[in-house]
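See below for the structure under consideration.
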Amino acid sequence: MSPGLIDAIVAGHTHSAMAHEVNGIPIVEANSLGQAFSRVDLTIDRQTGRRMASRPFAPQELCLVVDPGTDTCAPTNDARVRSARVPAHYEGRPVQPDQSIVEAMAPEMARIQQMRALPLGVSLDTTIGRTGEFESPIGNLFADAVLHSSPGADVAINNNGRGGLRADLPPGPLTFGPLYDVFPFDNRLVRFS
């Protein structure tokens, strides 16, 4: 590859925290689940469009409040301890939700909440668990469901060992998705259960 073709790489998939430079190319990656953000500053020559300089920054956790004196990200949804928290800062300024983004997302978030609440017409007597091993009850159930829903298929495979299915199915009536209150955002702005 010719030098200068790639200005920067913003990586994903491996869920690693990284800010590094390889062969003059800055590479950043910020963990998983929207818990942090990556940043790389590029200086571009406006005449030539070429990168003149770059600076990758270590990934930063998304926080609205921190524990006093520790700078440790703290949940904002616990009313008992919320008053003890102090606002998080980034580059000397307090971190605040952008209300225009919250308002723009509100209709879609409401639609998602309605969809998650849809009953599937199935009620479980007990938990169907995910063990994290290569075999698990929920992994087998999922693979069987995929196989039975795919006419002519001989095999169905599920990634149960690393990441595929990430939660147990709880006892009781099942819905399309897990329910939780997405507004107001918790300390990481968006939380995935």
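The values are calculated or read from the model by the stated rules, or taken from the named source; none is laboratory data. Being a predicted model, the structure only gives us computed values, none of them experimental. Note that we place each Cβ from the backbone using ideal geometry, even for glycine, and neighbour counts take in every protein chain shown. When the accessible area is computed, the model is the full protein with side chains, heavy atoms only, and any ligands, DNA or RNA have been set aside. Shrake-Rupley method; radii C 1.70, N 1.55, O 1.52, S 1.80 Å.
Residues of segment 111-126 with an amide N closer than 12 Å to a point placed 7 Å from the Cα of ASP168 along the Cα-to-Cβ direction: 126. Take SER16: with every protein chain present and a 1.4 Å probe, its accessible area is about 50 Å². Amide H contacts of ARG39 (H built 1.01 Å from N, in plane; Pro and chain starts excluded): PHE57 sit under 5 Å, all sequence-distant by 5 or more or on other chains. The label-point distance for SER150 and LEU42, in a model that sets each label 7 Å from Cα toward Cβ, rounds to 3.8 nm. Residues whose amide H falls under 5 Å from that of THR175, counting only those 5 or more places apart or on a different chain, are LEU120, with hydrogens built in the peptide plane. Phi angles across segment 134-149 convert, under the Karplus curve 6.51 cos²θ - 1.76 cosθ + 1.60 with θ = phi - 60°, into 3J(HN,Hα) values of 5, 10, 7, x, 6, x, 5, 4, 5, 4, 4, 5, 5, 4, 6, 8 Hz, Gly and Pro given as x. Residues ARG130, ARG46, ordered by accessible area of protein heavy atoms at a 1.4 angstrom probe radius and largest first, appear as ARG46, ARG130.
Taking each residue as 0.36 nm, the span from GLU103 to THR70 lengthens on full extension beyond its C-alpha to C-alpha distance by 8.7 nm.
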